[in-house]
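The block underneath contains the structure these notes are about, expressed in structure tokens.
Only the coordinates and a few stated rules stand behind these numbers; no lab work does. It should be emphasised that the depicted structure is a prediction, and the values quoted were computed from it without experimental measurement. Backbone-built Cβ (ideal geometry, glycine too); neighbour counts: all protein chains shown.
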Amino acid sequence: MSAASATSADSVCTNSAILDRWHPVAASHDVADGAVHSTTLLGVPIECRLAAADQAVVTRCDDPGAPVAAMVAYECVWACLGDPVEPLFEIDEVGERDRRIVHAGTVGVHVSAPRAVENFLDMAHFPYVHTGILGVEPHTQVKDYEVHVDPDTNDVWATDCEFWQPLAATTSTDGQMSDYRYRVPHPFNVVLYKTTPVDEMRMDVVALFCQPVAPDRIVAHPFLCLLDDDNSVASIRAFQLKIFGQDKPILENQVPKRLPLDPRAERPIRADRVAITYRRWLTELGVTYAVIPV
Amino acid sequence: MITLHDYVLSANCYKVRLLLSLLELEYESVAVDFHPGREHKGTAFREVNPMGHIPVLTDGEHVQRDAHAILVYLAACYDRGGTWYPVDDPARLGDTAQWMAFADATASTLSAARLAINLGYDLDLDAARLGGHEVLRVLDEHLWFQERAGHDWLVDGATPTLGDLAVFPDVVLAEEGGVDVLDYPAVRRWLDRVKQWPRFTLMPGVFPFTTS
Amino acid sequence: MNTSWFPVADDHDIIPRHVVRASLHGHELVVWRADDGNVNVWENRCLHRGVRLSIGSNDGAELVCRYHAWRYANRSGGCTYIPAHPADAPARTVQCATHPVALRYGLVWTRLDGGDHDDPPVLDALESDPFVLRARPVAASAAAVLAALESFTFAPVGAPPDREPTVECESVPGGVTVTATVDDVVERVVVFVQPVGLGRSVVRPVRSGRPADPMVAWRHHARVLGRFVDEVERLPPTDADADGVVEVAVAPPVARPSSDRRTVRIERKWTTADQIAAFELVDPSGEVLPVIQPGDHIDVHLPGGLVRQYSLTNAPGESDRYRIGVKRTVDSAGGSAYLHEVAAVGDTLEISVPRNHFALRRNVPDTLLIAGGIGVTPILSMAQALARVGLGFELHYFASSPAEFAFEEILEALGPSVNRHVGLDADATSAELERLLAQPGPTRQVAACGPPPMLDRLRRLAADAGWADDAVQFEYFDSGEVDRSSVFTVELARSARTIEVATGVSVLDAIRADGIELASSCERGACGTCAVTVLDGEVEHNDVYLSPAERAADDTLLTCVSRATSGRLVLDL
């Protein structure tokens, strides 16, 4: 059983809050040049390929005749195994012409998607897990920040986040107080807007799209939309994979792997404000897959 | 000037970075887009290494391929104490080479499982894991007896060798391939000892040994 | 079976500063030894985000989680520091699940909750000179291994080769005793079986008596056991043993208002300085004491209803006793006089659990610790905590005469960071404080404790010198004042009671003090467990749990952190 083909009867998703959403299933480079990419989504083995540059085809291996909605966006192929009632969320910056758009490469992780999202929303671990890059002791404090759920889009936002970072991006040469905004537009996808050393008025966009393979297993798709004309794709990817590689053993040592939604199950603190809201929001959306419901 | 064709998540590249640090050697790292770019299989990189493997080290005019060959080369050139590759002591040299060869067994098991999980390589994961446990059992028993005999390292003697260095990366990353090291306490203690080497460096997935 | 004692590690393997991961019946355990020799066996998970503590680090006094560096204390498993919020003392509810530990026959034993056996088994064969052989993991259940052990056989070490040994097996709790004999060579080995989890176990053999050549015996038995394990693993798996892998309890028990009071015994009493008596207090029955955080104090309840607060001087990891210093004061109602003159070693005292109004921030590299007289007590605990984590500090200790410096042994251990100022009058003290406070900066902080006049001066001087408010922490001692700036009343509509909530006391604690039970968990406004409905009054929401809309509705209050902006709140309780 490999990361991309893990499947068992009880891992097939029946939760419409998840089944009816779009999920990433392949990086664009995985289906380039006519390649067929085999993987697993929500317990269902699938195959992905491109019929045209922007036209993806996804087939269920267990039921090749069944229609599967598919599309290409953000350097990924996306699929929906249910009814795609909502369009995929927008990342406006992707349309800006001077942006570098990079898929940093998929990584299989033995953890649930919402645990990975929560880790992405977390600043307090920077000095300990990304030592010398995204944080450094003794700058350990997480200042209070604001959290709200956008009444129009129903996205969770954390704003006014600040953290001291010694080497925040490939373009950094020195430490800086970084400003972050986090956005959760989808139960398993999270977008970060952060200060760039290149332009005071604009922000780098870093996203983590989690492909839920099983309730306790994902393929992570790190996605970058940067203001960076200097670094090679290889070094941009190396930086992002280094960061994610540091998170991975933490994620794989979280017990239980599924995210407990009962607020008493773990001990939140003020710094976890966005995670507290995220867990309540998952409950309100009716998410039961990859979580331990209240 | 030393240049290393490098990939941040490669255990084999890590071996070389580790020795470069231990020997206090300055070097330039050239990022190879191993994943997802598969740059190591591209035409340009094959001019550096026709085998299409990383790491590759260049030192002046000399180009060295193969992680273990690079370790031997660096130790021969720059290890003034002569401890990492003990050519003056045939028994210890033989044991060092034996443990470096043992790392081939960790590569085909522990490292293979890690590649399957992390990068989705299509291979027999169950077999790789089972083999990984066999390798770890052998290693744990050897290290347990080494401890009882008063030896901290894989090869008898006061100092570690390239044997420790070659075996360490795949073992410390074993759990990324889903091979649980719960059952190998002597291995875990040895990992802690390696992490306490002066100028030890980390790679993503490896935690430091810290006591505060 | 789950409630019995089992060995989970070889004592020899629990080396200093190492962290061992173990498993019993599918429950993951973390095993670590503090520098004082105490071995801890805890549930292997940080309470915050469920990360295995076995990937963390052991600093000799505390186990530190790898993810956010939450620190958990030797013995109690209580959290002592949360770096994301340097100025806040962690809630006392943040405490790892701990398991009882016994060291016997060279093995570390524990049992999961609910057992009624007080100790691991006692075996005559191992009472003198037990010799631990190498343990082996087995890919088979404990039941399968125990069944196979009934026919376990081996040749005693040192017996002539090619001779069939006579072997006797006898069941013992959690294992078998096997006695092998060839002629006059007799060897007895007790093989304990640790049930690890689903289809997994560890066999842990212990030999009766130390062999003539340990290495020969270890090698011999490693071969014997290796063959045994190979055979067991070749047997078809059985489901005789239902040891599963346990998914840890999702919701730990909600914190109950644990009794605030406990009885301690005076273990040691000595004169540590002129007019200062030192006491070491231990639990009379050897139970683990609640966690200590730097800057903590306890209430000591004295005859006649007197209650006095004393700060703890303990270092991190020093968790088997509370150490306090008591200065004799002539004008007191007799509290210090009682402790000085009457209280004796062996006596018991009623105390409160430790509390903290004086948290030590550790997010600045340079701390100026200032102590006046007996105010040194919390400062000592802070200095030792900073020394332990390698943060820089200077301790300035003011006293009237050399004889008044207390706890010399701690000061000695702190070394050159300690500066003594002897016999300065008020003006000279001010001048010295002014000099010490001359250079504020973003990388510096001040923590001070001493007599009110000194602290008043210090606060003024610090403000004049430009120190930020939050860079100066202080604790007054001997202050009779009660800050009434944020006192309000809470009416409990259903209980028909009115409670006054004092400054520094939470609504939750005030309600509980009145005898009403209310569940809580995080006690930091983050989990919503202690929410109550507000019927009237305006709420000052200090939590991070409620949404903006819920706050605006003003009909819910998290009693652990939120307060009233009106003088009165009416709650549906």
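Things to note:
- Per-residue mean of foreign Cβ neighbours for A:274-280 is 3 (Cβ atoms of other chains, 10 Å radius).
- Of the complete DSSP H runs in chain C, those spanning 18 angstrom or more by Cα along the long axis with a mean Kyte-Doolittle score not below -0.5 are C:214-234, C:376-389, C:452-465.
- Ranking A:Val129, A:Cys210, A:His148 by Cα position along the charge dipole of the range A:109-232, where only Lys, Arg, Asp and Glu carry charges on their C-beta atoms, puts A:Cys210 farthest toward the positive end.
- For the protein assembly as shown, a simple Cβ point-charge model (Lys and Arg +1, Asp and Glu -1, everything else neutral) yields a dipole of about 640 debye relative to the Cα centre.
- Taking the range A:202-294 and dividing mean pair separation by its residue count, relative contact order in percent (alpha carbons under 8 Å, at least six apart): 26
- DSSP-defined beta bridges in chain B - what % are antiparallel, rounded to 5: 65
- Under 10 Å, Cβ to Cβ, from C:Leu289 - net charge with Lys/Arg +1 and Asp/Glu -1: 0
- Shielding of B:60-72 by partner chains, average beta-carbon count, 10 Å: 0
- Antiparallel %, DSSP beta bridges [both residues in the range B:1-105], to 5: 65
- Computed about the Cα centre, the dipole magnitude for the range A:7-156 is approximately 480 debye when only Lys and Arg (+1) and Asp and Glu (-1) carry charge, each at its Cβ.
- Overall form of the range A:131-251 per C-alpha gyration tensor (a/c, 1.5; a/b vs b/c): rounded
- DSSP finds beta bridges in the protein assembly as shown, and of those with both partners inside it, around 85 percent are antiparallel.
- Mean residue ellipticity (222 nm) of chain A, computed from DSSP H runs ≥ 4 via -39,500 (n - 2.57), nearest 500: -4500 deg cm²/dmol
- Residue-count net charge about C:Asn419 - beta-carbon cut-off 13 Å; Lys, Arg +1, Asp, Glu -1: 0
- Peptides A:235-247, C:371-383, B:15-27 ranked from most to least packed give C:371-383, A:235-247, B:15-27, packing being the mean of other C-beta atoms within 10 angstrom over each peptide's residues.
- Electrostatic bookkeeping for C:Leu107 treats Lys and Arg as +1 and Asp and Glu as -1; over the other residues with beta carbon under 11 Å from its beta carbon, the sum is -1.
- Applying the Karplus relation 6.51 cos²θ - 1.76 cosθ + 1.60 with θ = phi - 60° to the range A:225-237 yields 3J(HN,Hα) values of 9, 10, 9, 8, 8, 9, 8, 6, 4, 4, 7, 5, 5 Hz, where x marks Gly and Pro.
- A simple rule links phi to the HN-Hα coupling: the Karplus curve 6.51 cos²θ - 1.76 cosθ + 1.60 with θ = phi - 60°, which for the range A:208-216 gives 10, 9, 9, 8, x, 7, 8, x, 10 Hz, with x for Gly and Pro.
- Residue-averaged [θ]222 nm for chain C, counting only DSSP H segments that reach four residues, each worth -39500 (n - 2.57): -4500 deg cm²/dmol
- Note on A:116-128: average number of Cβ atoms from other chains within 10 Å of each residue's Cβ is 3.
- Cα gyration tensor shape for chain A, rounded if a/c is under 1.5, else prolate or oblate: oblate
- Greater than 19 Å apart at Cα, pairs in B:Lys15/B:Lys195; A:Lys143/A:Lys194; A:Lys194/A:Lys248: A:Lys194/A:Lys248
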